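Before anything else, here's the structure in question.
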Amino acid sequence: MKVFCYVQHLLGIGHLKRVATLAQALRAAGAKVVLVSGGVPASGIVVDVQLPPARAADLTFKTLLDDFGRPIDDHWKRRRAGALLDAWRASRADVLLIELFPFGRRQLRFELLPLLEDARRLAPRPLIVCSVRDLLQPRPEREAEASELALRYFDRILVHGDPCLARFDRTFGAARSLAERLHYTGYVVAAAPLQASGGAEVLVSAGGGAVGKRLLEAALAAREQTMLGGATWRLLAGSNASEADFAALRRQAKPGVIVERSRDHFPTLLANAALSISQAGYNTVAELLQARVRAVLVPFAAGGEAEQTLRAQLLAERGAAAMVAESELTVEKLAQAVNRAARLPRPAADLVDLDGARRSAELIVQWAS
């Protein structure tokens with residue numbers, strides 16, 4: 001069995017990282033996988049097909065830029081749609097898995113609709129699967145269109161979450177119309193590293209680093225006001241942080257603070273940390289819960305984004321993290337949140353289902369058999 005996996009990341013690398021974890025689980029289940037990325041190449045994540053990359057121009061996600069920083073045009077769209085179709089046809093895959101669309105990535109309709117039409121015309125017809133996280137950026141005005149596309153093209157919809165924490169209809173009101181195709185998998189996260197004893201660092205991270213500078217600067221300033229001020233604080237600025245921002249952080253760092261771009265073994269650092277300070281993206285939160293580390297969440301909310309804020313609120317309500325809204329972030333409030341989180345018990349091992357990668361692969365193999 002061969003699975004063709006399509007993913008497009010536009011700002012951070014979270015979408016790519018999640019689908020790469022799915023691809024690894026599919027291979028472990030015996031499937032052949034063609035992992036296709038339309039985003040900027042990310043260090044440490046190997047893909048099988050790299051399309052001409054596109055990225056978001058800003059936090060509104062309305063304008064896409066090519067790898068030269070120019071807005072994409074019709075010629076670029078035709079070239080890329082053709083490259084995607086060529087890769088799909090060459091793969092002769094039994095399963096087409098598309099991440100997020102039609103619940104997002106409307107900007108990519110120029111290539112995804114031709115791809116889906118091509119797959120639907122084949123005989124025998126491949127299994128067509130949507131892979132989507134549990135919480136979306138709410139867009140009530142687009143739900144009817146998304147539902148119609150999902151019903152027209154997709155056989156199954158894998159919702160990578162645990163309904164005990166958040167059901168899909170929490171941010172997609174038309175979920176009932178898709179009920180027969182929705183399948184909850186649990187959260188997708190790579191296998192846990194072995195935990196060592198005696199971890200004492202405070203780990204501060206900002207994902208890929210395209211956003212998050214303000215959080216890192218606030219953490220530097222808050223350190224001495226917290227009950228963990230005597231611990232080593234490790235700041236991971238992210239591979240996408242600008243040289244100027246990275247240099248500025250290093251200049252501000254006092255003794256006892258380590259500033260790095262990123263680490264290949266972030267989950268290992270997390271598993272051995274005394275406390276984590278981060279945003280509340282899907283992958284970060286899944287890794288926090290897997291590591292059972294005390295956490296302060298400062299959810300990304302620029303450009304009207306609400307998904308991370310809701311995720312952080314749900315965890316804070318369950319005593320699994322302390323939260324500071326991005327709009328309320330100050331040095332003092334971050335220090336107070338660190339002190340609250342340090343007094344919390346570690347998140348329960350069974351708080352949510354974290355077996356989503358294996359379960360997704362199991363379901364796909366079952367459906368395609």
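The values are calculated or read from the model by the stated rules, or taken from the named source; none is laboratory data. Being a predicted model, the structure only gives us computed values, none of them experimental. Counting neighbours? That spans all protein chains shown, and the Cβs are built from the backbone with ideal geometry, glycine included. Surface accessibility is based on the protein's heavy atoms, side chains included, excluding ligands, DNA and RNA. Shrake-Rupley method; radii C 1.70, N 1.55, O 1.52, S 1.80 Å.
Could you work out how far helix 109-121 tilts from the main Cα principal axis of the chain, as a 0 to 90 degree angle to the nearest 10?
Approximately 50 degrees, to the nearest ten.
Considering only C-alpha atoms, what is the centroid distance from the stretch 278-293 to the stretch 325-369, in Å?
4
Pick out, from 342, 364, 308, the residue whose Cα sits farthest towards the positive end of the charge dipole of the chain, with +1 on the Cβ of Lys and Arg and -1 on the Cβ of Asp and Glu.
364
Then there's this: Can you tell me the accessible area per residue over the chain, all protein chains present, probe 1.4 angstrom, in square angstrom?
Using a 1.4 Å probe on heavy atoms only, each residue of the chain averages 44 Å².
Cα extents of the stretch 139-269 along the three principal axes, largest first, in whole Å?
So the three principal-axis extents are 58, 35, 27 Å.
Express in nm, to one decimal, how much length is gained between residue 313 and residue 145 on full extension, taking 0.36 nm for each residue of separation and deducting their alpha carbon distance.
Stretched out fully, the residue 313 to residue 145 stretch lengthens by 57.6 nm.
Which of the aspartates and glutamates could a cross-linker span from residue 254 if the Cα-Cα distance has to be under 20 Å and same-chain partners fewer than 8 positions apart are dropped?
201, 217, 224, 243, 245, 332
Evaluate the distance, in nm, between pseudo-label points positioned 7 Å from the Cα of residue 333 and of residue 24 along their respective Cα→Cβ axes.
3.5
Using the Cα centre as the reference, give the magnitude of the dipole from point charges on the C-beta atoms of the stretch 183-310 (Lys, Arg: +1; Asp, Glu: -1; all else neutral), rounded to the nearest 20 debye.
Here the size comes out at about 300 debye.
A further question on this structure: Taking the mean number of other Cβ atoms within 10 Å as a proxy for protection, how do you rank 276-286, 147-157 from highest to lowest?
Highest-to-lowest ranking by the protection proxy: 276-286, 147-157.
Let me ask another. Once fully extended, how much extra length lies between residue 251 and residue 59, figured as 0.36 nm per residue of separation less the alpha-carbon to alpha-carbon distance?
That works out to 66.4 nm of additional length.
Roughly how many nanometres apart are two label points built 7 Å out from the Cα toward the Cβ at residue 120 and residue 70?
If labels sit at residue 120 and residue 70, their model points lie 3.4 nm apart.
Would you mind computing the Rg to Rh ratio of the chain from its alpha-carbon coordinates, Kirkwood style for Rh?
Rounded to two decimals, Rg over Rh is 0.97.
Quick one: angle between helix 282-291 and the longest Cα principal axis of the chain, in degrees between 0 and 90, rounded to 10, please.
60
Given a 1.4 angstrom probe, I'd like the percentage of the accessible area of the chain that is carbon and sulfur, rounded to a whole number.
50
Moving to a separate point now. For residue 295, what residues show an amide H to amide H distance below 5 Å, using hydrogens built from the backbone and excluding near sequence neighbours?
So residue 295 has HN proximity to 276, 322.
Once both axes come from the Cα atoms, what is the angle between helix 14-28 and the longest principal axis of the chain, in degrees from 0 to 90, rounded to 10?
For 14-28 against the chain, the angle is about 60 degrees.
Distance from a point 7 Å along Cα→Cβ of residue 48 to each backbone N in the stretch 68-93: keep the residues under 13 Å and list them by number.
The answer is 87-93.
Step through the table entries 62/333; 17/62; 2/62; 77/213; 213/333, compare each Cα-Cα distance with 27 Å, and write down the pairs that go over it.
62/333; 2/62; 77/213
Now for a different question. Over the chain, what relative contact order in percent results from Cα pairs under 8 Å that are six or more residues apart?
Once divided by the residue count of the chain, the mean separation gives 16 percent.
In whole Hz, what ³J(HN,Hα) sequence does the stretch 238-248 give by Karplus (6.51, -1.76, 1.60; θ = phi - 60°), x for Gly and Pro?
x, 5, 9, 5, 5, 4, 5, 5, 5, 5, 5
Is it possible to state the helix-based mean residue ellipticity at 222 nm for the chain, with each DSSP H run of 4+ residues giving -39500 (n - 2.57), the sum divided by total residues, to the nearest 500 deg cm²/dmol? What is it?
Result for the chain: -11000 deg cm²/dmol, rounded to the nearest 500.
Something else about it: Only bridges with both residues in the chain count here: give the DSSP antiparallel percent, nearest 5.
5
Which order, highest average first, do 176-183, 10-17, 69-76 follow once you tally other Cβ atoms within 10 Å for each residue and take the mean per peptide?
10-17, 176-183, 69-76
Select from 189, 279, 204 the residue farthest towards the positive end of the dipole of the chain; place +1 on Cβ of Lys and Arg, -1 on Cβ of Asp and Glu, and compute about the Cα centre.
Final value for the positive-end residue is 189.
A further question follows. With every protein chain left in place and a probe of 1.4 Å, what is the accessible surface of residue 362, to the nearest 10 Å²?
Here the accessible area works out near 70 Å².
In what sequence, highest mean first, do 18-26, 299-307, 120-128 appear when ranked by Cβ atoms within 10 angstrom?
Listed from highest to lowest mean packing, they are 18-26, 299-307, 120-128.
Work out the length of the dipole vector of the stretch 306-369 about its Cα centre, built from +1 on the beta-carbon of each Lys and Arg and -1 on the beta-carbon of each Asp and Glu, and round it to the nearest 20 debye.
Taking the Cα centre of the stretch 306-369 as origin, the dipole is about 220 debye.
Place +1 on the Cβ of every Lys and Arg and -1 on the Cβ of every Asp and Glu in the chain, take the dipole about the Cα centre, and give the residue among 38, 256, 123 whose Cα lies farthest towards its positive end.
Looking along the dipole axis, the top candidate is 123.
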